[in-house]
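The values are calculated or read from the model by the stated rules, or taken from the named source; none is laboratory data. These numbers come from a predicted model, not from an experiment. Using ideal geometry, Cβ is built from the backbone for each residue, glycine included, and neighbour counts are taken over all protein chains shown. In case anyone asks, the SASA skips ligands and DNA or RNA and just uses the protein heavy atoms, side chains included. Shrake-Rupley method; radii C 1.70, N 1.55, O 1.52, S 1.80 Å.
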Amino acid sequence: LARGFGERRRPPRCTGVRSSAAEEVYRGQIWERVSSAIADLPALTIAALNGTLAGGAFGMALACDLRLAVPEAKFFYPVMERGFLPQPSDPGRLRALIGPARSKLILMAGHKMTATDALNAGLIDQICAKDTLSAAAYPITEQLSKAQASNVAPVHAMFTTSHAPHSRRAGDPRGKQS
């Protein structure tokens, strides 16, 4: 369960780097390595998003299998306005969740999404009250903990990019194509 923590004086947020070191972080591929490590974990990963999600941290949340968010959450990825490129895996992960048009709105046009917009688009999987955000993940993980450990990694591997169907989301009842 991945969570972002903000300062008490302002709403919690999980963002990428906001300093002169941003270029060095990008060149060093730190965010890409972190998000790839999350995506490669042979287990179900859940991002609990309790505020604004922007920049490199957006990529970490994209790498998770599920994303839960509070109603006040906001989502944006301001790479274009800051003169950076997105991390290499982020556009593909974003496209797999919300399709190419919405992905371009976020990555190229700097579009900001509310939690409701993100849920409707398929970017997040559930909206939870702030006081129940972390607790909402536990029933999911509790059910998974009953599975045979030897089956978790092979089943998780079936959902990697190389195995997943080219639909908006595997099993999405809305059936929208990307």
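Of the numbered conditions (1) assigned to a helix (DSSP H, G or I); (2) open to solvent by 10 Å² or more (accessible area, probe 1.4 Å), Gly59 satisfies every one except a single condition; which is it?
Here Gly59 meets the rest and fails (2).
Need the failing condition index for Leu119 against (1) surrounded by fewer than 21 Cβ atoms within 10 Å (Cβ to Cβ); (2) over 15 Å from the mean Cα position of the chain (by Cα), just the number.
Answer for Leu119: the failing condition is (2).
Output the number of the condition that Val152 fails; it satisfies all remaining conditions of (1) modelled with pLDDT under 95; (2) farther than 15 Å from Ala48 by Cβ; (3) β-branched (Val, Ile, Thr); (4) surrounded by 16 or more Cβ atoms within 10 Å (Cβ to Cβ).
Of (1) modelled with pLDDT under 95; (2) farther than 15 Å from Ala48 by Cβ; (3) β-branched (Val, Ile, Thr); (4) surrounded by 16 or more Cβ atoms within 10 Å (Cβ to Cβ), only one is false for Val152: (4).
Out of (1) assigned to a helix (DSSP H, G or I); (2) touching a residue at least 12 places away in the same chain (Cβ under 8 Å); (3) not small (Gly, Ala, Ser), the odd one out for Leu105 is which?
Status for Leu105: all satisfied but (2).
Filter region 77-105 down to residues that are at pLDDT below 95 and open to solvent by less than 20 Å² (accessible area, probe 1.4 Å) and give me whichever is farthest from Arg33 (Cα to Cα).
Checked region 77-105; the qualifying residue farthest from Arg33 (Cα to Cα) is Pro78.
Quick one: Ala135 ticks every box in (1) open to solvent by 50 Å² or more (accessible area, probe 1.4 Å); (2) of a type in the set (A, V, I, L, M, F, W, C); (3) within 16 Å of Thr45 (Cβ to Cβ) except a single one, so which number is it?
All conditions pass for Ala135, except number (3).
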